[in-house]
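A quick write-up on the structure given underneath.
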Amino acid sequence: MESENSNNNIPSSTIFCSNCGIQIPKETPYCIKCGVSTGKTFIYESPKTSGMAIASLICSVVGFFICFFVGQILGIIFGYQARKEIQESQGRLTGEGLATAGIIVGWIGIALDILIIAIWGLFGFGLYI
């Protein structure tokens, strides 16, 4: 039985238990006192993997072989954004491991790119055959 708003002391977001009569929040599926179902059903939605986390790892790995700095920088940016998005999602998003992997691979890729450029600079830009 829904609460009426005629009594100003009872908020409209509450209902009364049909078994014991106590006032409970409207969203509650079971009475907190007697455990009787309130008839409210909730659809559980499984968490989704963050698209930014996937993009982070893909950009970092592709940057390793093709785009060099561009891919790794995008992978790092997407990774940090994904971790923030996942932490703020209250469990609706997953993929923190993917985001972290994208960040790590991105930083390793940048370090290797710098090392390759330094070695290339030391030994000259020409190809010796």
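The values are calculated or read from the model by the stated rules, or taken from the named source; none is laboratory data. Everything numeric here is computed off the predicted structure, so don't read it as measured data. Positions of Cβ are backbone-derived with ideal geometry, glycine not excepted, and every protein chain shown enters the neighbour counts.
Within segment 101-124, is even one residue small (Gly, Ala, Ser), more than 16 Å from CYS59 (Cα to Cα) and in a helix (DSSP H, G or I)? Yes, some residue in segment 101-124 is small (Gly, Ala, Ser), more than 16 Å from CYS59 (Cα to Cα) and in a helix (DSSP H, G or I). Name the residue that is farthest from ILE116 (Cα to Cα), counting only residues in segment 50-66 that are assigned to a helix (DSSP H, G or I) and among the polar types (S, T, N, Q). Among those that are assigned to a helix (DSSP H, G or I) and among the polar types (S, T, N, Q), it is SER56. Given the structure, is ILE103 of a type in the set (A, V, I, L, M, F, W, C) and in contact (Cβ under 8 Å) with a residue 40 or more places away in the chain? In short, yes. If CYS34 meets every condition in (1) outside the structural domain of TRP107 (by TED's automatic domain parsing); (2) at pLDDT 85 or above apart from one, which number is that one? Answer for CYS34: the failing condition is (2). Screening segment 67-89 for residues that are part of a helix (DSSP H, G or I) and small (Gly, Ala, Ser) and picking the one that is surrounded by the fewest Cβ atoms within 10 Å (Cβ to Cβ) gives GLY71. When segment 90-102 is filtered for residues that are surrounded by 14 or more Cβ atoms within 10 Å (Cβ to Cβ) and either modelled with pLDDT under 95 or hydroxyl-bearing (Ser, Thr, Tyr) (or both), the ones remaining, listed by number, are LEU93, THR94, THR100.
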